[in-house]
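S.K.: Take this structure, written in structure tokens, and hold onto it; I'll ask about it next.
The values are calculated or read from the model by the stated rules, or taken from the named source; none is laboratory data. Predicted, not measured: the structure shown is a model, and the values here were computed from it. Virtual Cβ from ideal backbone geometry, glycine too; neighbours counted across all protein chains shown. Calculation scope for accessible area: heavy atoms of the full protein, side chains included, ligands and nucleic acids excluded. Shrake-Rupley method; radii C 1.70, N 1.55, O 1.52, S 1.80 Å.
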Amino acid sequence: MLRYNSIILGPYFLIRNISFGNEWVSLLGMGFGNVSEWVQNYYRLNYALPEITDANNIISNVLISNGLVGLICYFFACTHYAGFNLNKVFISIMMLVILSLFSGYAFGSFAVLTLLLTRIYILLVINDDNSIKH
């Protein structure tokens, strides 16, 4: 259930903050230093598990630490090379979502590797489409 909870942490964060009138926190996030404390409180209150302090999902980590604005910037940065082609942007976002299921730390060494592999894949898809047209 840890992987499932890591996926729903981001939407839970948004819904909880909006329902308590903390729209600014939903938009701008908690900040990098507060993610562990927020995740620990979530698991302590909902499951009585105070030992868990990390969300094992990059998208949830970015959403909690940077809010909706940061998540939009994150998706924009990762799909920048796709141009304005909606199919390529969709494939890029789907790759990020799939890779987020296997990588949890938004700013660790594994996350950097994940982002690099994602961007390489995106560039390969774009280059394959260009080579087919020529």
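S.K.: Could you sort Thr79, Thr53 by accessible area so the largest value comes first, with the probe set to 1.4 Å?
M.R.: Thr53, Thr79
S.K.: With a 1.4 Å probe and all protein chains kept in place, how do Trp24, Trp38 rank by accessible area, largest first?
M.R.: Accessible-area ranking of Trp24, Trp38, largest first: Trp24, Trp38.
S.K.: Next up: May I ask you to order 63-73, 2-12 by the average number of other C-beta atoms within 10 Å around their residues, highest value first?
M.R.: Top of the packing list down: 63-73, 2-12.
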